[in-house]
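Right, one structure below, let's go through it.
The values are calculated or read from the model by the stated rules, or taken from the named source; none is laboratory data. No experiment lies behind these values; they were computed from the predicted model shown. Quick reminder, even Gly has a Cβ in these numbers, built from the backbone with ideal geometry, and neighbours come from all protein chains shown.
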């Protein structure tokens, strides 16, 4: 969260003082923040069991984090959706944030454009209208991530931590033999087990 807090702070400084360097710092911090978010999701989705080899690969290629997530945790998106269903039935659970890594990487790319901008200064950074539009675009990418990250907690229920009956439901959901509504109905029946295990 620290990277994105600093990104928002630099963005605020840019908007109040019209200093282009502040916008660059906002973009740098935001990129680090997005990379950290995706890395965090990789760790969570592996049940905090990321191999040393995979960890070192990720450090070497931060721009390939989304592909790494898909490779290391191919069921990540389904697992997110399944966890959301479970959490919705347990009142004491904190709100879980669901991230879309593909969307995060797109934001990373748009923000990166301002770190690699080119063109004559009199047609870009020296134009007030260009700077205003740059600030609007960067805010449009950073602010929704900031609002989301401050609205709940990142988390995922890893299969190795699931109650046996819930693990069985996960396998059925994963292979498509039962849909979200079917899971909700069955989880209502298993609610006492849910509450004793996760409350």
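Summary of computed values
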{"item": "Whichever residue in the range 116-132 is exposed (fewer than 13 other Cβ atoms within 10 Å of the Cβ) and closer than 19 Å to residue 15 by Cβ and, among such residues, is modelled with the lowest pLDDT", "result": "126"}
{"item": "Failed criterion for residue 136 (all others in (1) surrounded by fewer than 13 Cβ atoms within 10 Å (Cβ to Cβ); (2) under 24 Å from the mean Cα position of the chain (by Cα); (3) in a loop (DSSP other than H, G, I, E, B) hold)", "result": "(3)"}
{"item": "Inter-residue pairs, beta-carbon under 6 Å, first loosely packed, with under 14 Cβ neighbours inside 10 Å and in the range 156-179, second part of a loop (DSSP other than H, G, I, E, B), 6+ apart", "result": "160/47"}
{"item": "Filter result for the condition that a residue is over 18 Å from residue 167 (Cβ atoms), at pLDDT 85 or above and crowded, with 17+ Cβ neighbours inside 10 Å, over 104, 69", "result": "104"}
{"item": "When residues of the range 78-97 are limited to those that are surrounded by fewer than 16 Cβ atoms within 10 Å (Cβ to Cβ) and not in a helix (DSSP H, G or I), the one nearest to the chain's Cα centre (by Cα)", "result": "95"}
